[in-house]
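S.K.: Here it is: the structure, laid out below.
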Amino acid sequence: MKNAHRRCFFALLVSALACLATALAAQQTRITHAQAVVRARQIVARMTLDEKIAQLHGIRDANDFRVIPGLPRLGIPALHMTNGPAGVGPGGAGPQKPATAMPAPIAVAATWDPALAHTYGRLEAEETRSLGSQLFEAPDINIARVPQGGRVFESFGEDPFLTARIAVADIEGIQSIGMIANVKHFLANNQESARMSIDEIIGERALREIYMPGFEASIKEAHSASLMCAYPKVNGAFNCENAPLLNGVLKKEWGFSGFVISDWGATHSTVPSALNGLDVEMPTGHYFGDDLRKAVDAGQVPVSVLDEKLVRRFATMIEYGLFDALPKPTPIPAFEHGAVAREIAEQSMVLLKNNGNLLPIDRKTVKTIALIGPWAVRAETGGGGSSHVIPLYTITPDNGLHAALDSYTRLNVLDGTDMDAAAAAARRAEMAIVMVGDQDSEGHDQSLELPESQNNLVEAVAKANPKTIVVLKSGSAILMPWIDDVAAVLEAWYPGEEDGAAVAAVLLGDANPSGKLPLTFPRSVDQTLAAHPEQYPGVDGAVHYSEGLDVGYRGYTAHNATPLFPFGFGLSYTQFSFSEIKVSQQPDSANATVSFTVTNTGQRDGAEVAQLYLGFPSIAEGNEPPIQLKGFRKIDLKPGESKLVELKLDPRAFSYWSEKAHAWQIAPGEFQILVGDSSANTPLKSSVTIH
């Protein structure tokens, strides 16, 4: 642990100094938003109609299709965009350039640590600037409604509160150096199946309580400078021309002052999109080019509407210093940034099973290890699709373990293609480590089952050696038909370019796992919405969100269903206890503070994530789910150490969305307060009454 923390401190220090220098340069030109709007309006007033239309869409040529061209006559710079959110992906002129392949965003959520999310976003922003872009297309904060979703690995999990806290920190990290963040995909881009056309029928209450809170916090708290509208329809209208969502909720109700860009190819019209809230069509001007000029000439779209779109984007760019001389790009500090990526990966890993305390491996006593599997011989640097990062370097699992083990420990490495050879190697070794996983990607959803060959491999190795450890490299939940046959399971997600070093550190105890699941792992497909085709993936072009609020652990709890592993779950190499809960309430208000003590009762340094859930009183319009996450805190503790934790609950924590009033309302009555280490283990219980 000490070596890991020392490495992290050094890397963070280097990164922070670079960030400080960049931020100071940016601050010299930063002005208030109001001042930026004045300057933007002056520029727009000097533009011809053709120039205005040319600035409302991207262009696509052989070099770049993530750019809005500049207008030198008026000093308007080009806006180059780079994809995310797992590191710097495709973007900029020419072929995609290498960058730090970070752990997948789902791994960041598994840290339950907003400070690490801030570091994650800041590092990505620094590298985006190093590679010549001014907008970073991240974070992707769509709720993991179904674990089969092809982009779950890009998300922050199934819970709106956790998503909001991680998203706010990530965006603040991105924008701390003057980079434009682009929160996406608004709204409810929860599946890849038929994503270009599917109509998602979602009730108002579920929209407000499940699918909007992350975006609301990203706009109101983190002040994301831009937003991307999504491919699907919501309640009959495509997202990029959905007036109630874009003009109504986003711009009017939440006060969003930035600009809205379409996902690539998510624009479906000219006049409705122009009037209903879309500001920039990407990647080209199929609808916002010649057709928009015709619509303006015909009086269907007022020029004032175009002006407002341009003012939004120009003012944002001016506020972020992008109309001024930009700092010169600097080379990416590969190994310093790699050390940060490694620390995040280590803290994200979730120990799911550890019978007999087989982990951590004692490198001083274990002399033979069989390392087996497809993900034992190559690094899992990330998922596929537009978020793919070309890593600056990779550390494979076999190399990482070789480097970390003592010289007298023999490591026998096999890729697992010959199952008989794998079983024989496992039988000869003191213990076996099997590394298996999936390859999730944008564009299609995936099975929750590993390939049959991988499941068979795990079974064969476990039969040959009772001391079998499974390391999962997955972007979402995975079914585990072999769970009862193996001694230990470690969920490593997609660890990024430092895969081998990070996994070795956790397996050998140099890092104590502290990750917690940001989504529920089901026992079978039948425990998911896939059991009901009208709910997922949809029937006749529509998917009905008829589960309402019962998403993820809310649904499991409401239906008394026991998953394979619950939301918030994660073991440690030490043990923790919770005690002494107290609730104090401000008089005549819906504000309360919950305090309690967390103690490390084991023999190792470790970190615990204390989680606070609320149970609501009865509500005439329909009850809330039995439990909802409303607070959490990650605490580092030495053996025998105790710390007092205080978590504050504000009026929003006690509120539900009233469809009758179309507003947030506080539910009067007695709220149950539950505190523990997962959604399924809350040993501390109390209550508070809201009048």
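The values are calculated or read from the model by the stated rules, or taken from the named source; none is laboratory data. If you're wondering where the values come from, they're calculated on a predicted model, not measured in any experiment. Cβ coordinates were reconstructed from backbone atoms using ideal geometry, including for glycine residues, and neighbour counts include every protein chain displayed.
S.K.: Provide a single number: the residues in segment 470-480 that are of a type outside the set (A, V, I, L, M) and not in a loop (DSSP other than H, G, I, E, B). Lay out the reasoning, then the answer.
M.R.: Pass one, segment 470-480, residues of a type outside the set (A, V, I, L, M): 473-476.
Subsequent filtering for residues that are not in a loop (DSSP other than H, G, I, E, B) retains 473.
So the count comes out to 1.
S.K.: Taking segment 296-338, which residues are closer than 24 Å to Tyr231 by Cα and either under 34 Å from the mean Cα position of the chain (by Cα) or surrounded by fewer than 18 Cβ atoms within 10 Å (Cβ to Cβ) (or both)?
M.R.: The answer is Val305, Leu306, Glu308, Lys309, Leu310, Arg312, Arg313.
S.K.: Looking at segment 481-533 only, could you name the residues that are part of a loop (DSSP other than H, G, I, E, B), more than 23 Å from the chain's Cα centre (by Cα) and closer than 26 Å to Phe632 by Cβ?
M.R.: Gly509, Asp510, Arg523
S.K.: Would segment 288-301 turn up any residue that is within 26 Å of His33 (Cα to Cα) and either among the small types (Gly, Ala, Ser) or touching a Lys or Arg at 6+ places or on another chain (Cβ under 7 Å) (or both)?
M.R.: Looking through segment 288-301, none of the residues is within 26 Å of His33 (Cα to Cα) and either among the small types (Gly, Ala, Ser) or touching a Lys or Arg at 6+ places or on another chain (Cβ under 7 Å) (or both).
S.K.: Based on this model, can you work out whether Ala421 counts as at pLDDT 95 or above, in the same structural domain as Val486 (by TED's automatic domain parsing), farther than 30 Å from Gly92 by Cα and not in a loop (DSSP other than H, G, I, E, B)?
M.R.: yes
S.K.: Right, another one. Mind listing whichever residues of segment 511-547 are closer than 14 Å to Pro147 by Cβ and aromatic (Phe, Trp, Tyr)?
M.R.: Result: Phe521, Tyr536.
S.K.: Take Ala426 and decide whether it is over 27 Å from the mean Cα position of the chain (by Cα), at pLDDT 95 or above and either surrounded by fewer than 24 Cβ atoms within 10 Å (Cβ to Cβ) or not assigned by TED's automatic domain parsing to the domain that holds Arg195 (or both).
M.R.: Values: over 27 Å from the mean Cα position of the chain (by Cα): yes; at pLDDT 95 or above: yes; either surrounded by fewer than 24 Cβ atoms within 10 Å (Cβ to Cβ) or not assigned by TED's automatic domain parsing to the domain that holds Arg195 (or both): yes.
Yes, satisfied.
S.K.: Moving on. In this structure, is Asp588 without any contact (Cβ under 8 Å) to a residue 12 or more places away in the chain and not hydrophobic (A, V, I, L, M, F, W, C)? Step through it out loud before you land on a result.
M.R.: On the way: without any contact (Cβ under 8 Å) to a residue 12 or more places away in the chain: no; not hydrophobic (A, V, I, L, M, F, W, C): yes.
Answer is no for this residue.
S.K.: Among the residues of segment 651-667, count how many are part of a loop (DSSP other than H, G, I, E, B) and loosely packed, with under 13 Cβ neighbours inside 10 Å.
M.R.: So the answer is 3.
S.K.: Here's another thing I want to ask about it. Arg633: more than 26 Å from Phe576 (Cα to Cα), under 24 Å from the mean Cα position of the chain (by Cα) and touching a residue at least 12 places away in the same chain (Cβ under 8 Å), yes or no? It would help to see each step written out before you state the result.
M.R.: Numbers: more than 26 Å from Phe576 (Cα to Cα): no; under 24 Å from the mean Cα position of the chain (by Cα): yes; touching a residue at least 12 places away in the same chain (Cβ under 8 Å): yes.
Considered against the rule, which asks whether it is more than 26 Å from Phe576 (Cα to Cα), under 24 Å from the mean Cα position of the chain (by Cα) and touching a residue at least 12 places away in the same chain (Cβ under 8 Å), Arg633 comes out as no.
S.K.: Can you confirm whether Ile619 is in the same structural domain as Ser589 (by TED's automatic domain parsing) and surrounded by 16 or more Cβ atoms within 10 Å (Cβ to Cβ)?
M.R.: In short, no.
S.K.: Now for a different question. Among the residues in segment 107-116, are any more than 14 Å from the chain's Cα centre (by Cα) and of a type in the set (D, E, K, R)?
M.R.: Within segment 107-116, not a single residue is more than 14 Å from the chain's Cα centre (by Cα) and of a type in the set (D, E, K, R).
S.K.: Let me ask you something else. Which numbered condition in (1) in contact (Cβ under 8 Å) with a residue 12 or more places away in the chain; (2) in a loop (DSSP other than H, G, I, E, B) is the only one that Ser407 fails?
M.R.: The failed condition is (1).
S.K.: Is it fair to say Glu124 is assigned by TED's automatic domain parsing to the domain that holds Asp170, in contact (Cβ under 8 Å) with a residue 24 or more places away in the chain and among the charged types (D, E, K, R)?
M.R.: Judged against the criteria, Glu124 is a match.
S.K.: Right, something else. Going by the structure shown, is Ser224 part of a loop (DSSP other than H, G, I, E, B) and among the polar types (S, T, N, Q)?
M.R.: For Ser224, the condition - part of a loop (DSSP other than H, G, I, E, B) and among the polar types (S, T, N, Q) - is met.
S.K.: Please state which of the following conditions Ile581 fails to meet, knowing it meets all the rest: (1) assigned to a loop (DSSP other than H, G, I, E, B); (2) more than 29 Å from the chain's Cα centre (by Cα); (3) surrounded by fewer than 20 Cβ atoms within 10 Å (Cβ to Cβ).
M.R.: Only one criterion in (1) assigned to a loop (DSSP other than H, G, I, E, B); (2) more than 29 Å from the chain's Cα centre (by Cα); (3) surrounded by fewer than 20 Cβ atoms within 10 Å (Cβ to Cβ) is unmet by Ile581, namely (1).
S.K.: Does Glu449 satisfy the condition of being within 30 Å of Gly89 (Cα to Cα), outside the structural domain of Glu158 (by TED's automatic domain parsing), over 18 Å from the mean Cα position of the chain (by Cα) and not hydrophobic (A, V, I, L, M, F, W, C)?
M.R.: Answer is yes for this residue.
S.K.: Does Gly382 satisfy the condition of being crowded, with 20+ Cβ neighbours inside 10 Å, part of a loop (DSSP other than H, G, I, E, B) and either in contact with a Leu (Cβ under 7 Å, 6 or more places away or on another chain) or not assigned by TED's automatic domain parsing to the domain that holds Val471 (or both)? So that I can check it myself, show each step before the final result.
M.R.: Numbers: crowded, with 20+ Cβ neighbours inside 10 Å: yes; part of a loop (DSSP other than H, G, I, E, B): yes; either in contact with a Leu (Cβ under 7 Å, 6 or more places away or on another chain) or not assigned by TED's automatic domain parsing to the domain that holds Val471 (or both): no.
The answer is no for Gly382.
S.K.: For the subset of segment 584-630 comprising residues that are in a loop (DSSP other than H, G, I, E, B) and among the charged types (D, E, K, R), which member is nearest to the chain's Cα centre (by Cα)? I'd like the intermediate steps shown before the answer.
M.R.: First, pick out the residues of segment 584-630 that are in a loop (DSSP other than H, G, I, E, B): 586-591, 601-605, 616-627.
So of that shortlist, the ones also among the charged types (D, E, K, R) come out as 588, 604-605, 621, 624.
On the way: Asp588: 37, Arg604: 29, Asp605: 27, Glu621: 32, Glu624: 25 Å.
Filtering segment 584-630 for residues that are in a loop (DSSP other than H, G, I, E, B) and among the charged types (D, E, K, R), the one nearest to the chain's Cα centre (by Cα) comes out as Glu624.
S.K.: For segment 365-374, state whether one or more residues are of a type in the set (S, T, N, Q) and either assigned to a strand (DSSP E or B) or within 30 Å of Arg66 (Cα to Cα) (or both).
M.R.: Yes, segment 365-374 contains at least one residue that is of a type in the set (S, T, N, Q) and either assigned to a strand (DSSP E or B) or within 30 Å of Arg66 (Cα to Cα) (or both).
S.K.: Is it the case that Val413 is aliphatic (A, V, I, L, M), under 28 Å from Leu227 (Cα atoms) and not assigned by TED's automatic domain parsing to the domain that holds Glu124? It would help to see each step written out before you state the result.
M.R.: On the way: aliphatic (A, V, I, L, M): yes; under 28 Å from Leu227 (Cα atoms): no; not assigned by TED's automatic domain parsing to the domain that holds Glu124: yes.
Answer is no for this residue.
S.K.: It is to be established whether one or more residues within segment 540-554 are buried (at least 20 other Cβ atoms within 10 Å of the Cβ) and within 25 Å of Ala488 (Cα to Cα).
M.R.: yes
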